[in-house]
1. State yes or no: is Gly88 over 23 Å from Gly15 (Cα atoms), surrounded by fewer than 17 Cβ atoms within 10 Å (Cβ to Cβ) and at pLDDT 95 or above?
2. Mind checking which residues of the stretch 128-158 are surrounded by 11 or more Cβ atoms within 10 Å (Cβ to Cβ) and not small (Gly, Ala, Ser)?
3. From the list Glu106, Glu97, which residue is touching a Ser or Thr at 6+ places or on another chain (Cβ under 7 Å), assigned to a loop (DSSP other than H, G, I, E, B) and surrounded by fewer than 13 Cβ atoms within 10 Å (Cβ to Cβ)?
4. Collect the residues in the stretch 12-46 that are part of a loop (DSSP other than H, G, I, E, B), touching a residue at least 12 places away in the same chain (Cβ under 8 Å) and surrounded by fewer than 18 Cβ atoms within 10 Å (Cβ to Cβ), keeping them in residue-number order.
5. Which residue out of Ser36, Ser24 is under 11 Å from the mean Cα position of the chain (by Cα) and closer than 17 Å to Leu101 by Cα?
6. Output the residues belonging to the stretch 110-133 that are under 14 Å from Asp9 (Cα atoms) and touching a Phe, Trp or Tyr at 6+ places or on another chain (Cβ under 7 Å).
7. Determine which member of the set Lys2, Lys75 is surrounded by fewer than 17 Cβ atoms within 10 Å (Cβ to Cβ), in contact with a Ser or Thr (Cβ under 6 Å, 6 or more places away or on another chain) and at pLDDT below 95.
Amino acid sequence: MKRKFIVSDPEKCTGCRLCEMVCSAEKEGEFNPLLSRIRTVQLDVVVNTSLACRLCENPTCVRSCPRKALSVEEKTGAVLVDEAKCSGCGWCIEACEFGVLVLHPERKVVVVCDLCGGEPKCVEFCPKDALEFRTAEEVAQRSRGEAVRRLLMESSRE
């Protein structure tokens, strides 16, 4: 089975941060973006995107944990945190090249997107359909299609 992860389309994302609110409500029972496992970032004045765990094939976050508190769920590829083992040292946060792991502000343990059991609520409730739950192959195919469309548009202008 090919692993799916959450992908954000910056052309559709308005920066509303509803994904953060939905995530914190689902995972923590309250509307607080600091408790979210997805982050909305502003790339420039008008471009926003949301970031969640990319389900790396061989996650540096898991390898870097000195207490072995992180593991990978076999079926979905989601990174799981054993809070009883996590000391909140932050090594996994530093190791993540996508910057998607965060320290829970109250419990002082790492939190990361677990894909809501395969049905991410942030994707479900995104009002602009800027979030998708896709495989790497699907993302690559879409990117190739967009590149071809741009090339065709550029060549038609000449």
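The values are calculated or read from the model by the stated rules, or taken from the named source; none is laboratory data. On a predicted model such as this, the values are computed, not experimentally measured, just so you know. Note that we place each Cβ from the backbone using ideal geometry, even for glycine, and neighbour counts take in every protein chain shown.
1. It is true that Gly88 is over 23 Å from Gly15 (Cα atoms), surrounded by fewer than 17 Cβ atoms within 10 Å (Cβ to Cβ) and at pLDDT 95 or above.
2. Matches in the stretch 128-158: Lys128, Leu131, Glu132, Phe133, Arg134, Thr135, Glu138, Val139, Gln141, Arg142, Glu146.
3. Going through Glu106, Glu97 in turn, just one is touching a Ser or Thr at 6+ places or on another chain (Cβ under 7 Å), assigned to a loop (DSSP other than H, G, I, E, B) and surrounded by fewer than 13 Cβ atoms within 10 Å (Cβ to Cβ): Glu97.
4. Going through the stretch 12-46, the residues part of a loop (DSSP other than H, G, I, E, B) turn out to be 12-17, 29-32, 36-38, 43-46.
Those left that are additionally touching a residue at least 12 places away in the same chain (Cβ under 8 Å): 12-17, 36-38, 43.
Scanning the stretch 12-46 gives Lys12, Thr14, Gly15, Cys16, Arg17, Leu43.
5. Details: Ser24 fails: under 11 Å from the mean Cα position of the chain (by Cα).
Going through Ser36, Ser24 in turn, just one is under 11 Å from the mean Cα position of the chain (by Cα) and closer than 17 Å to Leu101 by Cα: Ser36.
6. Passing the criteria: only Val123.
7. Lys2
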